[in-house]
Amino acid sequence: GREQIGPQSFVLRGFALADTDALLHGVDTVTAQSPWRHMQTPGGYTMSVALTNCGEWGWTTDAHGYRYARIDPLTGQPWPDLPAAFERLAQAAAQEAGFAGFTPDACLVNRYEPGARLSLHQDKNERDFDAPIVSVSLGMPALFLFGGDDRADKAARVPLFHGDVVVWGGVDRLRYHGVLPVKDAPHPRLGSQRINFTLRKAG
Ligand code: MD5
Ligand code: FE
């Protein structure tokens with residue numbers, strides 16, 4: 001089913017379930033080349049979420065700020081290729097949500113261990129806000145915070161489960177959002193972790 005959470009945002013429950021094996025294989029291929037790491041924020045904090053990237057552009061943060069880069073600062077090499085299964089799924093999900101012809105060139109892969117969280121923020125380092133963002137959740141469930149255009153707007157809580165895909169676009173693209181601290185409820189396949197990857201058009 002297609003659950004509408006905003007004028008141009010949809011949760012596609014279980015949309016990724018049939019592709020779980022290929023997607024997890026893709027995550028393993030990516031992390032073998034560009035390992036998980038905890039990055040520093042410009043404010044001097046270490047992120048509780050571990051991350052890596054694949055595709056042409058990768059999102060990074062350090063003392064100097066947030067940006068997209070073609071080279072992984074940890075390995076000095078380009079980010080790993082975008083797995084074909086990621087791209088196919090993202091295009092199909094975007095189409096389902098009314099965004100035909102989505103061609104992602106960046107994929108941020110996040111890993112949450114118990115207690116990890118993402119505080120309210122906007123995603124605005126991408127060059128093209130007309131393209132949607134497609135997010136795929138695997139492993140432990142999480143409560144997603146879906147706010148408004150202003151940080152102070154009240155945020156809705158949307159539970160996200162293994163296999164769920166969310167598409168944000170258009171007027172919802174710059175809304176504040178975050179993830180509440182993830183509870184330890186080990187997943188049969190992934191154990192005590194939640195993996196979320198987001199396909200974007202960044203360049
Ligand atoms: C996550 N990741 O569950 C979330 C899913 C991130 C991030 O927020 O930046 O890595 S993506 C949620 C998202 C992306 C773009 C726009 C909106 C939500 N939105 O308008 O609410 O790890
Ligand atoms: Fe975000």
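Since every read-out is calculated from the coordinates, none of them should be taken as a lab result. Please read these numbers as outputs of a predicted model, since none were measured by experiment. Please note: Cβ atoms are built from the backbone with ideal geometry, for glycine as well, and neighbour counts cover all protein chains shown.
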**Asked** When you go through (1) within 18 Å of the chain's Cα centre (by Cα); (2) in a strand (DSSP E or B); (3) over 26 Å from Arg127 (Cβ atoms) one by one for Glu3, which number turns out not to apply?
**Response** (1)
**Asked** Counting just the residues of the stretch 113-138 that are within 13 Å of ligand 2 (Cβ to nearest atom) and over 19 Å from Gly6 (Cβ atoms), which one comes out surrounded by the fewest Cβ atoms within 10 Å (Cβ to Cβ)?
**Response** Ser119
**Request:** Working only within the stretch 155-184, note down all residues that are buried (at least 16 other Cβ atoms within 10 Å of the Cβ), within 14 Å of the chain's Cα centre (by Cα) and not in a loop (DSSP other than H, G, I, E, B).
**Result:** Leu160, Val165, Val166, Val167, Trp168, His177, Val179
**Request:** Can you give me the ranges of the strands (runs of 3 or more DSSP E) entirely in the stretch 98-154 with at least 3 residues that are under 12 Å from the mean Cα position of the chain (by Cα)?
**Result:** 106-112, 133-139
**Prompt:** Name the pairs whose Cβ atoms lie under 6 Å apart, with the first residue in the stretch 108-133 and on the phi < 0 side of the Ramachandran plot, the second among the polar types (S, T, N, Q) and within 10 Å of ligand 2 (Cβ to nearest atom), and 6 or more positions between them or separate chains?
**Reply:** Leu108/Thr198; Asn110/Asn196; Ile133/Thr198
**Message:** Filter the stretch 90-112 down to the residues that are in contact with a helix residue (DSSP H, G or I) (Cβ under 8 Å, 6 or more places away or on another chain) and either over 25 Å from Arg2 (Cβ atoms) or surrounded by 23 or more Cβ atoms within 10 Å (Cβ to Cβ) (or both) and list them by number.
**Reply:** Pro104, Cys107, Val109
